[in-house]
Every structure is written in C-alpha cells, then in structure tokens.
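Enquirer: Could you have a look at this structure, given as structure tokens, before my questions?
The values are calculated or read from the model by the stated rules, or taken from the named source; none is laboratory data. Owing to the predicted nature of the structure, the values given are computational and were not obtained by experimental measurement. Cβ placement follows ideal geometry from the backbone for every residue including glycine, while neighbour counts extend to all protein chains displayed.
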Amino acid sequence: MHTYPYTIENGSGEELVFLGVVPGEAAQRLEVQIRALPGAGPPMHVHHLQAEAMTVVSGKLGFQIDDGEPRYVGPGETMVFAPGVGHRWWNAGTTELQCTGWAEPAHNVEYFLTALFGSMKRGGRKRPGFFDAAFLLTRYRSEVRMLDIPAIVQTAVFPVLLAVGRLVGKYDRFQDAPEPVHTPQMHR
C-alpha cells in the first residue's frame, strides 16, 4: 500500500487523491478527493459490496442510477450510491468538478482503481487495456462490475484473454494484487 495521501489519474480527465482509510459507520471507509474535467467520469458500473458517496465542492455533478434519467447536484450537495445499485457519474459542468467522497467498506477499491487508472494512462485511452480489464474485472467480480461491458464478453472473451495473458506474462504487474472479497453469495 501507499502512504497517504497519494494521487492517481487516468489520463482522461479524472484524478483521485486517496486520503486514507478511517473508521466509517459500519466498516473501514476509504476517503478520497475527486477532480474531473468537463465530461469526464466512469461508465455505468456497480459496487456489489460498497456504498460510494460524493459531495460536490465546486462544479456540477451529473449522475444516473440504473436506467433512470440523468440528475444533477451542485456545491454542498451529496449523492450516495448504495451497494448493488448500477450508477455512473460525470462532470456535467463547464469547469473542473471537485468533490470529496468515500467508499465503505474499503475492501479492494483502492487497489482496483489504482490498477484501472494505471492501465488507462499507459494505454492513452478512456478505457483500460483489454488484458488488464479481463484480469481486474474477473478477479474482483465479487466487488465491482462494469455494466457497459456485454455479459458475453465477460463470460466468453475474458476467460480467453486471461489464459492468453497468463501465457505471455501480461499479469506480472498484478503479483501484489490483494485477494478478492468472497461473500456467501457471489455476484456475477
């Protein structure tokens, strides 16, 4: 792990500053600061085990829950995404979006996001590399899922990418990957 605070950025307009892990209401909470350029934000995803919160410091936060209509919040307003709820967010304004936030319980979200952002930055794209995505989204499927990736890709293509990636040494960078959180009821 890193010494706090530390910053990651994905090369596509998102920057996270991990501030530390502190006691939360029910579990350890990872606290962050978030900055996003206009239009930047993650695709539709779900945290199976974690609540995620964002409080707008400056700018305009757009968000969508499942198939609902886009909604917006501004400075001083907080949006909490419950565990198991599909969502996405983005900078809906014309200036930099700045937020504070947290994920609870922390579990592997810090490692996952650090690896994901690193892959995006290395590839110079708005998405992680195929091999990295296959590894991270398969290993941590009990914690997070990208809803924009078709199920057939996740069930048929990812296993092939994983096998090829292992053969050609694509996953050496993930040797320190923490064990995924296993729950009695695995989410697929």
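Enquirer: List pairs: first residue in the stretch 1-23 and within 22 Å of Gly41 (Cβ to Cβ), second residue among the hydrophobic types (A, V, I, L, M, F, W, C) and part of a loop (DSSP other than H, G, I, E, B) anywhere in the structure, Cβ distance under 6 angstrom, at least six positions apart or on different chains.
Expert: Here the result reads Gly13/Leu37; Gly13/Ala40; Glu14/Ala40, each pair linking the stretch 1-23 to a residue that is among the hydrophobic types (A, V, I, L, M, F, W, C) and part of a loop (DSSP other than H, G, I, E, B).
Enquirer: Now, a different point. Regarding the stretch 151-163, can at least one residue be identified that is aliphatic (A, V, I, L, M), touching a Phe, Trp or Tyr at 6+ places or on another chain (Cβ under 8 Å) and either farther than 28 Å from Gly59 by Cβ or modelled with pLDDT under 95 (or both)?
Expert: Going through the stretch 151-163, the residues aliphatic (A, V, I, L, M) turn out to be 151-153, 156-157, 160-163.
After this cut, where a residue has to be touching a Phe, Trp or Tyr at 6+ places or on another chain (Cβ under 8 Å) as well, the list is 161-162.
Still in the running and either farther than 28 Å from Gly59 by Cβ or modelled with pLDDT under 95 (or both): 161-162.
Within the stretch 151-163, one or more residues are aliphatic (A, V, I, L, M), touching a Phe, Trp or Tyr at 6+ places or on another chain (Cβ under 8 Å) and either farther than 28 Å from Gly59 by Cβ or modelled with pLDDT under 95 (or both).
Enquirer: Here's something else I'd like to know. Would you call Thr114 assigned by TED's automatic domain parsing to the domain that holds Ala133 and in contact with a strand residue (DSSP E or B) (Cβ under 6 Å, 6 or more places away or on another chain)?
Expert: Details: assigned by TED's automatic domain parsing to the domain that holds Ala133: yes; in contact with a strand residue (DSSP E or B) (Cβ under 6 Å, 6 or more places away or on another chain): yes.
Taking the combined requirement at face value, the residue satisfies it.
Enquirer: State the number of residues belonging to the stretch 107-128 that are closer than 22 Å to Thr3 by Cα and assigned to a loop (DSSP other than H, G, I, E, B). Walk me through it before giving the result.
Expert: The first filter runs over the stretch 107-128 and keeps only residues closer than 22 Å to Thr3 by Cα, leaving 107-119, 121.
Still in the running and assigned to a loop (DSSP other than H, G, I, E, B): 107-108.
Of the residues in the stretch 107-128, 2 are closer than 22 Å to Thr3 by Cα and assigned to a loop (DSSP other than H, G, I, E, B).
Enquirer: Only one of these is surrounded by 17 or more Cβ atoms within 10 Å (Cβ to Cβ) and among the small types (Gly, Ala, Ser): Gly84, Gly74, Gly93. Name it. Break it down stepwise before answering.
Expert: Details: Gly84 fails: surrounded by 17 or more Cβ atoms within 10 Å (Cβ to Cβ); Gly74 fails: surrounded by 17 or more Cβ atoms within 10 Å (Cβ to Cβ).
Exactly one of Gly84, Gly74, Gly93 is surrounded by 17 or more Cβ atoms within 10 Å (Cβ to Cβ) and among the small types (Gly, Ala, Ser), namely Gly93.
Enquirer: If you don't mind, there's one more thing I want to ask. Residue check, Ala133 against (1) under 30 Å from Gly59 (Cβ atoms); (2) touching a Gly at 6+ places or on another chain (Cβ under 8 Å); (3) part of a helix (DSSP H, G or I); (4) free of Cβ contacts under 8 Å to residues at least 60 places away in the same chain, all met but one. Which one?
Expert: Condition not satisfied by Ala133: (2).
Enquirer: When the residues of the stretch 118-131 are filtered to those that are within 14 Å of the chain's Cα centre (by Cα) and surrounded by 18 or more Cβ atoms within 10 Å (Cβ to Cβ), which remaining residue is nearest to Leu16 (Cα to Cα)? Give the steps one after another, and end with the answer.
Expert: Restricting attention to the stretch 118-131, the residues satisfying the condition of being within 14 Å of the chain's Cα centre (by Cα) are 118-120, 126-128.
If we keep only those that are surrounded by 18 or more Cβ atoms within 10 Å (Cβ to Cβ) as well, we get 118-120, 128.
On the way: Gly118: 12, Ser119: 15, Met120: 14, Pro128: 16 Å.
Checked the stretch 118-131; the qualifying residue nearest to Leu16 (Cα to Cα) is Gly118.
Enquirer: Go through (1) over 20 Å from Arg173 (Cβ atoms); (2) buried (at least 19 other Cβ atoms within 10 Å of the Cβ); (3) out of contact with any strand residue (DSSP E or B) (no Cβ under 8 Å at 6 or more places or on another chain) and name the single condition Ala151 misses.
Expert: Result: Ala151 fails condition (2) only.
Enquirer: What number of residues within the stretch 51-79 are touching a residue at least 24 places away in the same chain (Cβ under 8 Å) and not basic (Lys, Arg)?
Expert: In the first step, residues of the stretch 51-79 are kept if they are touching a residue at least 24 places away in the same chain (Cβ under 8 Å); the result is 51-64, 78-79.
Applying the additional criterion that residues be not basic (Lys, Arg) yields 51-59, 61-64, 78-79.
Residues that pass the stated criteria total 15.
Enquirer: Residue under question is Val46, and the condition is that it be buried (at least 16 other Cβ atoms within 10 Å of the Cβ), at pLDDT 95 or above, more than 21 Å from Gly11 (Cβ to Cβ) and more than 15 Å from the chain's Cα centre (by Cα); does it hold? So that I can check it myself, show each step before the final result.
Expert: Working: buried (at least 16 other Cβ atoms within 10 Å of the Cβ): yes; at pLDDT 95 or above: yes; more than 21 Å from Gly11 (Cβ to Cβ): yes; more than 15 Å from the chain's Cα centre (by Cα): no.
Taking the combined requirement at face value, the residue does not satisfy it.
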